[in-house]
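> Input: one structure, supplied below.
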Number of protein chains: 2
Amino acid sequence: MTKYRLAVLASGEGTNLQALIDEVHFPGIANIVLVLSDKEGAGAIGRARTAGITAVPLPPLPGEGRKLYHQRVAGVVQQASSDLVVLAGYMRLLPSEFVAQMPPIINVHPSLLPAFPGLDAPAQALAYGAKISGCTVHLVDQGMDTGPVISQRALPVLPEDTPDSLHNRIKFLEHAALVQAVTAFASGQVEIHYRNIQFKEDNHGNKTGVNQRI
Amino acid sequence: MTKYRLAVLASGEGTNLQALIDEVHFPGIANIVLVLSDKEGAGAIGRARTAGITAVPLPPLPGEGRKLYHQRVAGVVQQASSDLVVLAGYMRLLPSEFVAQMPPIINVHPSLLPAFPGLDAPAQALAYGAKISGCTVHLVDQGMDTGPVISQRALPVLPEDTPDSLHNRIKFLEHAALVQAVTAFASGQVEIHYRNIQFKEDNHGNKTGVNQRI
């Protein structure tokens, strides 16, 4: 059986990518066949190379628009023939043409969507005075953090939290939620009915989709 | 010492009011001095009378506007000299003039705000495909469910949930969160810095404000 193939787009340090390398790629649950970054020196590129995974730094050309740039990205991703595209801290809004021609794309966002979409979600949560926040893994559609929810995990916002301390605690949830979601996709356990997404039980009666771990 | 005085506005069945009667009023943490309902036959009126609490059904007059109606409500509430006004399933948006002339007003909403404000929050959460929801106790300002958050509690949305089953589970969280918040107000343990609201420690080093119980 051909192993499930993942392409990962990343802009940053690559901690979500590292979770996928350690808990999905090396255990053989799925193969990360490509890591692409829009930033030349992204930590994600180094992590991929260290793991022996094809790593492509592909920064936009000067003056290159969002659509043209993503046509180049699409070319590279399509060559990798992936079953799923994972946005692991990828900081660019995807053009709808890109989304339409790709396999399913999932993203992890550091808030309980629809609360605090967009940039700096942990800082938004603190400014609002939220007492509970968390992370959301969702399918990517044409909007900004508007796609159907795959899973969510929650944690308390602490009185002493700063945007950084809150984001750091959320990142642990992100890693677990992303690994769980990718594992569920790779094992064919994801059922999608419009915005209602559920994890099916596996052959042993276990659910991959434990959204209850809050 | 004069006991802390609560006025409760309710439109519905009165289950949040009942929690306050059982866990705040009868234990002597605060006195509910008035229950006012905009509906003649609201369950809340019956519950108040059964508990020996002053109950005022005050339906709007035919054609009476929101502002004029709430001037009458304000008159009744102000006569009761309450320290805090609690909206326990009160289904009308309060005019800003009303909010401005009242003691602090708190509301409990069946979602993790800012997600799913307004009517039918549990149905909104299901339609969105949220995997985690909960309740929010907040200070009331001029907006619809926009005031500073006092506390939030979370629960998982289950695959088999209907709007009713989800709302019923959220109601248990609402009761606990509301009782906790009112207790904290009555014991002077609420610190408000703009949108950042915290519960202080009491003399025994305990926090009333356990938002962490998720």
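The values are calculated or read from the model by the stated rules, or taken from the named source; none is laboratory data. What you are looking at is a predicted structure, and each value in this text was computed from that prediction instead of being measured. When we count neighbours, we look across all protein chains shown, and the Cβ atoms used for this are built from the backbone with ideal geometry, even at glycine. Areas reflect the complete protein model, heavy atoms only, side chains present, ligands, DNA and RNA absent. Shrake-Rupley method; radii C 1.70, N 1.55, O 1.52, S 1.80 Å.
> Looking for whichever is of a type outside the set (Val, Ile, Thr), open to solvent by 10 Å² or more (accessible area, probe 1.4 Å) and under 18 Å from residue A:112 (Cα atoms) here; the options are B:145, B:161, B:141. Which one fits? I'd like the intermediate steps shown before the answer.
Values: B:161 fails: under 18 Å from residue A:112 (Cα atoms); B:141 fails: under 18 Å from residue A:112 (Cα atoms).
From the options B:145, B:161, B:141, the qualifying one is B:145.
> All but one of (1) modelled with pLDDT of 95 or more; (2) farther than 23 Å from residue B:23 by Cα hold for residue B:109; state the number of the condition that does not hold.
Status for residue B:109: all satisfied but (2).
> If you don't mind, there's one more thing I want to ask. Search region A:138-180 for residues being within 17 Å of residue A:120 (Cβ to Cβ) and acidic (Asp, Glu), and hand back the single one that is farthest from the chain's Cα centre (by Cα).
A:161
> Any chance you could count how many residues in region B:92-105 are modelled with pLDDT of 90 or more, hydrophobic (A, V, I, L, M, F, W, C) and part of a loop (DSSP other than H, G, I, E, B)?
Step one: list which residues in region B:92-105 are modelled with pLDDT of 90 or more, which gives B:94-105.
Adding the requirement that they be hydrophobic (A, V, I, L, M, F, W, C) leaves B:94, B:98-100, B:102, B:105.
Next cut, part of a loop (DSSP other than H, G, I, E, B) only: B:94, B:102.
So the answer is 2.
> On to the next question. Considering each residue of region A:5-32, count those that are under 17 Å from residue A:77 (Cβ atoms) and small (Gly, Ala, Ser), and give that number.
Matching residues across region A:5-32 total 4.
> Please work out which residue is farthest from residue B:151 (Cα to Cα), limiting yourself to region B:92-113 and to residues that are open to solvent by 30 Å² or more (accessible area, probe 1.4 Å) and in contact with a strand residue (DSSP E or B) (Cβ under 9 Å, 6 or more places away or on another chain). Can you show your working first?
First pass over region B:92-113, keeping only residues open to solvent by 30 Å² or more (accessible area, probe 1.4 Å): B:92-93, B:96-97, B:100-101, B:103-104.
Add one more test, that the residue is in contact with a strand residue (DSSP E or B) (Cβ under 9 Å, 6 or more places away or on another chain), and what stays is B:92, B:103-104.
Details: B:92: 22, B:103: 19, B:104: 15 Å.
Checked region B:92-113; the qualifying residue farthest from residue B:151 (Cα to Cα) is B:92.
> Okay, moving on. Quick check on residue A:207: is it modelled with pLDDT under 95 and not polar (S, T, N, Q)?
Considered against the rule, which asks whether it is modelled with pLDDT under 95 and not polar (S, T, N, Q), residue A:207 comes out as yes.
> Restricting the search to region A:73-119, which residues are among the charged types (D, E, K, R) and under 23 Å from residue A:31 (Cβ atoms)? It would help to see each step written out before you state the result.
Residues of region A:73-119 among the charged types (D, E, K, R): A:83, A:92, A:97.
Selection gives A:83 alone.
> Right, something else. Within region A:104-118, work out how many residues are in contact with a Leu (Cβ under 8 Å, 6 or more places away or on another chain) and more than 8 Å from chain B (Cβ to nearest Cβ).
Residues of region A:104-118 that are in contact with a Leu (Cβ under 8 Å, 6 or more places away or on another chain), as a first pass: A:104-108, A:112, A:115.
Still in the running and more than 8 Å from chain B (Cβ to nearest Cβ): A:104-108.
Of the residues in region A:104-118, 5 are in contact with a Leu (Cβ under 8 Å, 6 or more places away or on another chain) and more than 8 Å from chain B (Cβ to nearest Cβ).
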